[in-house]
Amino acid sequence: MPAPGSGQDTIVVHAGCTPSDFHGFVNPPVVRASTVLFPDADTLVNRNQRYTYATRGTPTTDAFSQAMNQLEKAATTILLPTGLAAVTVPLMTFVKGGSHLLIVDSVYGPTRVFADSVLRKFGVDVEYYPARIGAEIRHRFRKQTAMVLMESPGSNTMEIQDVPAIASAAREAGIMTMIDNTWATPLLFRPLEHGVDISIHAATKYIAGHSDLLMGTASTTEHYANALKTGAVALGQTVGGDDAYLAIRGLRTLPVRLRQHEQSATMLAEYLSSHPRVASVLHPALPSHPDHDLWKRDFDGASGLFSFVLKDAGANAAHRFLNALRIFGLGFSWGGYESLAVPVNLSDRTIGCQLQGPLIRLQIGLEAVGDLKTDLDRGFAAL
Ligand SMILES: *Cc1c(COP(=O)(O)O)cnc(C)c1O
């Protein structure tokens, strides 16, 4: 086990590894399981052994969740079958009928669908707040406010939130906070160190990193650990051994992949920001980004996902741009090794955002950056 304070790269390589438990093999075994046997009736009745049933963990899932604990500086990390479940399970656990729930307006679209359909149906009062609210969030607090759900940068529009300010205002008022930290991964931002109570990831994205599985993680402090674990088991949410194995395998190379994603994406974001057919580039590492200073203060770097706005163009032009791409695939999700592009629809936002043209989101993969630039030029040529 690396000593406390050792670099994130070292933690990523060694966290959750216990080779001596498995005859010295470096990786944990893939445990496919439901039943766990007990040696006698007393042990069974008292559940007095490390593993009791696969919904409560196996050596494979433990390896991954312990690695996430070390990276997120968390007491507990639960694993969920999708990134979306990593949002819905904590919400179902900690919000109830009559609760008031504050969600950032730039939240991941399917999270909004869950809040507006399922949570409202159960009597939760859902309110969306503007991403740049900062400490002013306290004016939205009510007696019934149960939680603030943040996401930074916001999905597609990439606003950075003042997470420490929001977390401390909420804590003062006795309100829980949760953040979707998928964009940054625990390498670039560690929400629990900024006073947030629950940090969730779509491990589907950079952590797994190879576009071959769906998984979510939710990490929390000692204070909420038992309630969160109980909530996940009660809702029947768990993951299988094969997927947990792939997730930890992906995690081991996250730092080197992320550095390349960052470098290539920053280069292309700079290229696009000086392109005559581009109205604006939404990437927090660019000094022109309105939240650049907040990003610099709180994050250790940028990942490879950003958006840009086409100038003097309509939806048809955006489609021509996308159809001309040969390396960028057209498809949802991101965080894999391959580059992707999607047109963004912002019609679900409740708080208007003014853009000068169609918005395109890019996931910059691990291809040669020169080839990606050539591909974008194909798109511009098709305009
Ligand atoms: C993709 C995504 C999710 C959901 O992950 P899935 O595994 O696809 O369910 C959640 N939050 C954000 C920010 C995402 O981009």
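Just so it is clear, none of the values below were taken in a lab; they were calculated from the coordinates. Given the structure is predicted, the values throughout are model-derived calculations rather than measurements. Cβ coordinates were reconstructed from backbone atoms using ideal geometry, including for glycine residues, and neighbour counts include every protein chain displayed.
A few points about this structure:
- Charge tally in the Cβ shell below 13 Å around THR204, where Lys, Arg are +1 and Asp, Glu are -1, THR204 excluded: -2
- 18 Å tail of the calculated P(r), segment 104-253, as % of Cα pairs: 62 percent
- Normalising the average separation of contacting C-alpha pairs (under 8 angstrom, six or more residues apart) by the number of residues puts the relative contact order of segment 95-134 at 59 percent.
- Positive minus negative residues near PRO284 (Lys, Arg vs Asp, Glu; Cβ under 12 Å): -3
- Taking every C-alpha pair closer than 8 Å and separated by at least 6 residues, the mean separation divided by the residue count of the chain gives a relative contact order of 16 percent.
- Nitroxide proxy distance, nm - points 7 Å out along Cα→Cβ at ALA41 and ASN226: 2.8 nm
- The H on the amide N of VAL278, modeled in the peptide plane, is under 5 Å from the matching H of LYS311, each at least 5 residues off or on a different chain.
- Here, P(r) means the percent of Cα pairs in each 5 Å bin from 0 to the largest distance; for segment 56-140 it is 3, 12, 19, 18, 17, 16, 10, 4, 1, 0.
- Of LYS73/LYS373; LYS229/LYS296; LYS143/LYS205; LYS73/LYS121; LYS73/LYS205; LYS96/LYS296, pairs whose Cα-Cα distance is over 28 Å: LYS73/LYS373; LYS229/LYS296; LYS143/LYS205; LYS73/LYS121; LYS96/LYS296
- Using the average count of surrounding beta-carbon atoms within 10 Å as a protection proxy, the listed peptides 186-194, 82-90, 31-39 rank, highest first, as 82-90, 186-194, 31-39.
- Relative packing of 368-379, 92-103, which averages over residues the other C-beta atoms within 10 Å, highest first: 92-103, 368-379
- Segments 62-74, 138-150 sorted - mean Cβ within 10 Å per residue, highest first: 62-74, 138-150
- Mean projected area in nm² (Cα convex hull; one quarter of hull surface) for segment 144-216: 5.3 nm²
- Solvent-free Debye scattering, log10 I(q)/I(0), computed from the Cα coordinates of the chain at q = 0.09, 0.10, 0.11 Å⁻¹: -0.53, -0.66, -0.79
- Net charge of Cβ neighbours under 13 Å - reference THR182; Lys, Arg +1; Asp, Glu -1: -2
- Convex hull of alpha carbon positions in segment 238-355: directionally averaged projected area 10.1 nm².
- For the chain, built as a Gaussian network whose Cα springs stay under 10 Å, the top-fluctuating residue of THR350, THR58, THR221: THR350
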